[in-house]
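Worksheet: one structure, shown below.
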Amino acid sequence: MLGRVNLIFDKDGIYEILLGTNGIRPALRPIGLIKSGNSLKARIYKGTLTLANLFRNDICSINFASPKDFWYAIKDKIPYSFYYNVPVLRHHAIAKCSVLDGDKDPAEIIIDIIDYKDLTLPNMLLRRGDYLLIDLLINFSRIDIYKGEELSRLLFIIKYEINVIQKTSPDFIPIIEEIKSEILSKGYKLN
């Protein structure tokens, strides 16, 4: 639902969530949920349990969790309950997941939120770029300290972080442009 998307995800970007699916067997897996305007979608690779589950059952859960929970979900060691017959954690929404083209790899999934309850999410909405910006700022502060090969590696990392932040947290682009401008003004290149 259009209004529900914007109530939960107030900024465009790629949010890191645990997608709960069931069909072959229950699974909670880290997925980058792409919010652009009023739409939500995900890209899920062929051969994954998540995609196989969605072909059998188009209901999924969007679970907001801590980074530690992501690790336990990957290891299949995270406790969950069921709602709408899909695995859920405490902070979740329920959605209909429509596979647009199952022949593409990754397949594009359109996500339509159909239910959520009192979704209070203090510090639970994770976009890749939100936390990567902190690391970028730390690395940026070291540019005048490092020399030689160490500086070359640092600039390589900074370039990578800038690219990811621009893609996953686009509202940070003005900050990124300032950082890039300062790096260039010091005579360094990001290519």
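The values are calculated or read from the model by the stated rules, or taken from the named source; none is laboratory data. Keep in mind that what you see is a predicted model, and the values were worked out from it rather than measured. Backbone-built Cβ (ideal geometry, glycine too); neighbour counts: all protein chains shown. These accessible areas exclude ligands, DNA and RNA; they are computed on the full protein's heavy atoms, side chains included. Shrake-Rupley method; radii C 1.70, N 1.55, O 1.52, S 1.80 Å.
Numerical summary
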{"item": "Residue within segment 139-157 that is surrounded by fewer than 17 Cβ atoms within 10 Å (Cβ to Cβ) and closer than 30 Å to CYS60 by Cα present", "result": "no"}
{"item": "Residues (within 17 Å of the chain's Cα centre (by Cα) and not hydrophobic (A, V, I, L, M, F, W, C)) located in segment 73-104", "result": "HIS91, HIS92"}
{"item": "Qualifying residue in segment 167-190 (condition: open to solvent by 30 Å² or more (accessible area, probe 1.4 Å), of a type in the set (S, T, N, Q) and within 26 Å of GLY32 (Cα to Cα))", "result": "no"}
{"item": "Residues of segment 73-87 classified as surrounded by fewer than 22 Cβ atoms within 10 Å (Cβ to Cβ) and either at positive phi or in contact with a strand residue (DSSP E or B) (Cβ under 9 Å, 6 or more places away or on another chain) (or both), total", "result": "9"}
{"item": "ILE17 being closer than 18 Å to GLY129 by Cα and buried (at least 22 other Cβ atoms within 10 Å of the Cβ)", "result": "yes"}
{"item": "Hits in segment 74-85 - residues which are more than 21 Å from GLU16 (Cβ to Cβ) and either modelled with pLDDT under 95 or not in a strand (DSSP E or B) (or both)", "result": "TYR84, ASN85"}
{"item": "Strands (runs of 3 or more DSSP E) (entirely within segment 86-191) containing at least 2 residues that are in contact (Cβ under 8 Å) with a residue 12 or more places away in the chain, touching an Asp or Glu at 6+ places or on another chain (Cβ under 7 Å) and of a type in the set (Lys, Arg)", "result": "none"}
{"item": "Failed condition for ARG142, given (1) modelled with pLDDT of 85 or more; (2) among the charged types (D, E, K, R); (3) not assigned by the TED database to the domain that holds ASN63", "result": "(1)"}
